[in-house]
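J.: Mind having a look at this structure? Questions to follow.
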Amino acid sequence: MQIQISFDEIDKSDHIEGFVNEKVERAIQHMADRITRVEVHLHNDSAGASSTGRTKRCVMEARPSGKAPIAVDDHADTIKQAISNASHKLERVLKKNFDKAK
């Protein structure tokens, strides 16, 4: 399984890349053999920020083998918070999706 990370107005760092890899791998550890790729897009939406102040955004898109891609996203105050929240959402959605298929 491959994890691809793209940075949009977020400073690229080994620390953030490692954090993303850890969160994604932990979220899909029981399903990794059924997923070919996870794309992670990190954004800083400060230009169009709403009144909530949650300017950091993480979008995760999983590509299950032979199925349509599944995407989740989260807005948070920090990029790490957005990554953590999105990884939890991805785990729940994938688990639900795979459970339905059984």
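J.: Please give the direction-averaged projected area of the C-alpha convex hull for the chain, in square nanometres with one decimal.
T.: The Cα convex hull of the chain, projected and averaged over all directions, gives 6.4 nm².
J.: Using helices alone, I'd like the mean residue ellipticity at 222 nm for the chain: each DSSP H run of four-plus residues gives -39500 (n - 2.57), total over residue count, nearest 500.
T.: After summing the helix terms and dividing by residue count, I get -12500 deg cm²/dmol.
J.: I would also like to ask the following. Pairing the Cα long axis of helix 79-101 with the longest principal axis of the chain, what angle in degrees results, from 0 to 90 and rounded to the nearest 10?
T.: So the inclination is approximately 20 degrees.
J.: Lysine pairs in the chain with Cα distance under 27 Å, only those 8 or more apart or on different chains: how many are there?
T.: For the chain, the number of qualifying lysine pairs is 26.
J.: Among Asp73, Asp14, Asp33, whose mean-square fluctuation peaks in a Gaussian network model of the chain (Cα, cutoff 10 Å)?
T.: Of the options given, Asp14 has the highest mean-square fluctuation.
J.: Per residue, how many Å² of accessible area does the chain show with a 1.4 Å probe?
T.: 59
J.: Leaving out ligands, DNA and RNA, what percent of the accessible area of the chain is carbon and sulfur, probe 1.4 Å?
T.: In the chain, the share of accessible area belonging to carbon and sulfur is 44 percent.
J.: Which whole-Hz ³J(HN,Hα) couplings does region 31-46 yield from phi under the Karplus relation 6.51 cos²θ - 1.76 cosθ + 1.60, θ = phi - 60°, glycine and proline marked x?
T.: 10, 4, 6, 9, 10, 8, 7, 10, 9, 10, 10, 10, 10, 10, 8, 4
J.: Quick check on region 1-45: what are the equivalent-ellipsoid semi-axes from the Cα gyration tensor, as sqrt(5λ), descending, whole Å?
T.: Equivalent ellipsoid of region 1-45: 21, 11, 8 Å, largest first.
J.: As I understand it, the value is the acute angle between the Cα axis of helix 14-27 and the longest principal axis of the Cα atoms of the chain; what does it come to in degrees, rounded to 10?
T.: The two axes meet at around 40 degrees.
J.: In region 20-82, which trypsin sites (Lys or Arg not before Pro) fall in coil by DSSP and have 16 or fewer other Cβ atoms within 10 Å?
T.: Answer in residue order: Arg54, Lys67.
The values are calculated or read from the model by the stated rules, or taken from the named source; none is laboratory data. These figures come from a predicted structure and were not determined experimentally. Positions of Cβ are generated from backbone atoms using ideal geometry, with glycine treated the same way; all protein chains shown enter the neighbour counts. In case anyone asks, the SASA skips ligands and DNA or RNA and just uses the protein heavy atoms, side chains included. Shrake-Rupley method; radii C 1.70, N 1.55, O 1.52, S 1.80 Å.
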